[in-house]
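These notes concern the structure reproduced below.
The values are calculated or read from the model by the stated rules, or taken from the named source; none is laboratory data. Please read these numbers as outputs of a predicted model, since none were measured by experiment. Ideal geometry is used to build each Cβ from the backbone, glycine not excepted, and the neighbour counts take in all protein chains shown. Surface areas here come from the heavy atoms of the whole protein model, side chains and all, with no ligands, DNA or RNA. Shrake-Rupley method; radii C 1.70, N 1.55, O 1.52, S 1.80 Å.
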Amino acid sequence: MRKKWKQLVVAGLAVSMVVPFIAGAGMNAKAGRVVQEEVSAEQDPIYDYTANKVYEFNFKQLEMAQAWDTQISVDKDTGKATLTYSKAYDQIFFNLPEGIDPARVTKVELTGSNLSNICLKLQKGVGGAEVTDYSNAYSIPAGSDYTVIDIMYKGQTVTPVVVDSVKITLATAPAKKQEIVVTKKLSDLEIAANDEDAEMKNGTVTFNKAYQSIYFKIPVNDSDDPLARIDVKGDAKGLSYKVMNEDHYTNNRNNDSAGGLTVTYGNASGSFEVTVTDPVVFVVMSGGGEPYGSFSLDSEIDFVYKKSIPVQMDIPNLKDTVVSANGLGEDAYVATCIGSGTINDPKAVQLVKKHFNAVTLENELKPESLFTNISGEDATAEFKGEKVPAQLNFSSPDAILDKILEWNKEDDVNIKVRGHVLTWHSQTPDWFFKE
C-alpha cells in the first residue's frame with residue numbers, strides 16, 4: 001500500500017508541473033470588539049501600560065522582527081508604513097512594543113483606509129504557533145502570550161498597502177501558571193558541538209558563514225516539569241535557535257523536517273516555546289547572509305519549566321460522538337493535522353488517539369520536505385539548465401506512518417491518513433513552477 005501511495009505522489013508531482021497553479025482565495029472574515037477608550041498616538045508617546053485600554057502605535061514606534069520578500073517604507077512625519085509585497089502570502093513581522101506583557105493583550109487591530117489585501121496574524125515568535133481569521137483585527141483571551149504581529153498579503157494582484165497604525169488592547173492578565181525559571185550564562189553550559197568551526201575567542205562567538213551552529217547541552221532540571229519556553233537575553237538575542245531531543249541531535253541534526261526539533265529563525269525577541277519532548281540540546285545558529293552575527297558567552301538564558309496539565313481522559317471521545325447514530329453516522333471522519341513534532345509529544349499523541357479517526361500530514365508531503373536531504377551520486381538531475389532532485393525523500397512521512405501503524409494496533413484506535421499536498425503556494429522551489 002505504501003509503495004502504491006508513493007507512486008501516486010510521484011505521478012501527481014509530475015502532472016502538477018504542467019498544470020497551472022491556482023492560488024486559494026483569501027478569506028475575509030471579520031472579528032469585532034468595541035473600543036471603549038483609546039490613547040491617542042503622538043510622535044513618541046511614553047506609555048507605562050498600567051491602564052487597561054487601547055494603545056496606538058505608528059510604525060516609527062514598532063520594531064520589525066523579520067520580513068519575507070516584503071519592503072517597508074515609513075513616513076518620517078506620520079509614522080505610516082507603506083508595505084510592498086512581492087507576491088501573495090508574503091509576510092512582515094513586528095515585535096510587541098517593549099514593556100507590554102503579552103498575557104495582557106486581548107486585541108490587535110490594523111488601521112488604514114484600504115486594507116482589504118492584507119490580514120493580521122498573531123504568533124508566538126516569528127513563524128511560531130499562530131492565530132488568525134484573515135481579517136485586520138483579532139481578539140484573543142488574556143493570557144495567550146502571542147509576541148509577534150504578522151501582516152500577510154492575501155490579494156492576488158500585488159499593490160503597495162499603506163498601514164496607518166497598530167492598535168493594541170490591554171486587559172488584566174490572568175494568574176500565571178506556576179513556572180520554574182532556571183537562569184544560566186552560556187558560559188555555564190557544556191558545548192556539545194561547534195559545527196563548521198565558528199570562531200570562539202575571549203568569551204565571544206563569531207560566526208563567519210551562513211547557518212553555523214553552536215550546540216549547548218540543556219541543564220538537567222531536578223523536577224519532572226517539562227521545558228516550556230526559552231528566553232534568550234543579552235547580545236545572543238536576535239539570532240536563530242533550535243532545540244533538539246537526543247534522537248534528532250544524534251541522527252538528524254541537519255534535517256529540519258525530521259521530528260524531535262523546535263526551530264525559530266531570526267528571532268528578534270529571543271523568546272520561543274519549546275515543543276520537543278525531552279530536549280537535550282539548545283542551538284544558537286547564524287543567519288543565511290552577512291553579517292552572520294556574534295554573541296558573548298556571558299549572555300544569559302532563561303530555561304522556563306511549567307507544570308504539566310494531563311490530558312483529560314475521563315470524557316467522551318469526540319470521534320465516537322460524531323460517528324454515532326445521533327451524530328453524522330459511522331462513515332464520518334473526525335480529523336486533525338499532525339506533523340513530525342506531534343508524534344514526539346506524548347500529550348499530543350494521547351489527544352489524537354482518543355478523539356480522532358483520521359489525520360492529514362502538515363508539511364511532510366509538501367515539495368520542500370520531499371525534495372530536501374537527498375544524497376548520493378544520483379541525487380540530482382539536469383532539468384532545463386537547473387539541478388533538480390532526481391528522487392524523492394520520504395523519510396519524514398514514513399516516520400509518521402510508522403507511528404500511526406503502531407497506534408492502530410491498540411484497542412479503539414483506527415486512524416486513516418489523507419495525503420497533503422502535491423502542489424503548494426510556498427515551501428516549493430522556484431523551478432517547480434517553470435514550464
Where Asn194 falls short, out of the listed (1) touching a residue at least 40 places away in the same chain (Cβ under 8 Å); (2) open to solvent by less than 70 Å² (accessible area, probe 1.4 Å): (1)
Any residue in segment 358-384 that is farther than 30 Å from Lys319 by Cα and assigned to a loop (DSSP other than H, G, I, E, B) sitting within a Cβ distance under 6 Å of a residue that is open to solvent by less than 70 Å² (accessible area, probe 1.4 Å) and of a type in the set (Gly, Ala, Ser)? List the pairs, counting only those 6 or more apart or interchain. Asp378/Ala390
Output for segment 294-339, where each listed residue is in a strand (DSSP E or B), within 21 Å of Lys242 (Cβ to Cβ) and in contact with a helix residue (DSSP H, G or I) (Cβ under 8 Å, 6 or more places away or on another chain): Ser294, Phe295, Ser296, Glu300, Ile301, Ile338
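Quick one: count up the residues across segment 138-179 that are among the basic types (Lys, Arg) and surrounded by fewer than 17 Cβ atoms within 10 Å (Cβ to Cβ). It would help to see each step written out before you state the result.
Just the residues of segment 138-179 that are among the basic types (Lys, Arg), to begin with: 154, 167, 176-177.
From what's left, surrounded by fewer than 17 Cβ atoms within 10 Å (Cβ to Cβ): 176-177.
Result for segment 138-179: 2.
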Of residues in segment 197-234 being among the basic types (Lys, Arg) and in contact (Cβ under 8 Å) with a residue 12 or more places away in the chain, the one surrounded by the most Cβ atoms within 10 Å (Cβ to Cβ): Arg229
Ala268 vs. criteria part of a loop (DSSP other than H, G, I, E, B), modelled with pLDDT of 90 or more and open to solvent by less than 40 Å² (accessible area, probe 1.4 Å): no
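Being β-branched (Val, Ile, Thr) and open to solvent by 60 Å² or more (accessible area, probe 1.4 Å) is the filter; apply it to segment 181-191 and report the residue that is nearest to Ser144 (Cα to Cα). Please lay out each step first, then the result.
As a first pass, look at segment 181-191 and keep what is β-branched (Val, Ile, Thr): 181-183, 191.
Right, trim to open to solvent by 60 Å² or more (accessible area, probe 1.4 Å) and you get 181, 183, 191.
Working: Val181: 19, Thr183: 23, Ile191: 34 Å.
Across segment 181-191, the extreme among qualifying residues is Val181.
Considering only residues that are in contact with a Lys or Arg (Cβ under 8 Å, 6 or more places away or on another chain) and open to solvent by 20 Å² or more (accessible area, probe 1.4 Å), which ones fall in segment 117-132? Outline the logic, then answer.
Initial filter on segment 117-132 (in contact with a Lys or Arg (Cβ under 8 Å, 6 or more places away or on another chain)): 117-119, 130-132.
Of everything in segment 117-132, those that are in contact with a Lys or Arg (Cβ under 8 Å, 6 or more places away or on another chain) and open to solvent by 20 Å² or more (accessible area, probe 1.4 Å) turn out to be Asn117, Glu130, Val131, Thr132.
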Of all residues in segment 60-90 being within 15 Å of Asn267 (Cα to Cα) and part of a strand (DSSP E or B), which is least open to solvent (accessible area, probe 1.4 Å)? Ala65
Would you mention how many residues in segment 271-293 are over 24 Å from Gln350 (Cβ atoms), in contact with a helix residue (DSSP H, G or I) (Cβ under 7 Å, 6 or more places away or on another chain) and part of a loop (DSSP other than H, G, I, E, B)? 0
Exactly one condition in (1) more than 30 Å from Lys307 (Cβ to Cβ); (2) surrounded by 14 or more Cβ atoms within 10 Å (Cβ to Cβ) is not met by Lys237; state its number. (1)
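Residue check: is Tyr333 open to solvent by less than 40 Å² (accessible area, probe 1.4 Å) and of a type outside the set (Lys, Arg)?
Values: open to solvent by less than 40 Å² (accessible area, probe 1.4 Å): no; of a type outside the set (Lys, Arg): yes.
No: the conditions fail for Tyr333.
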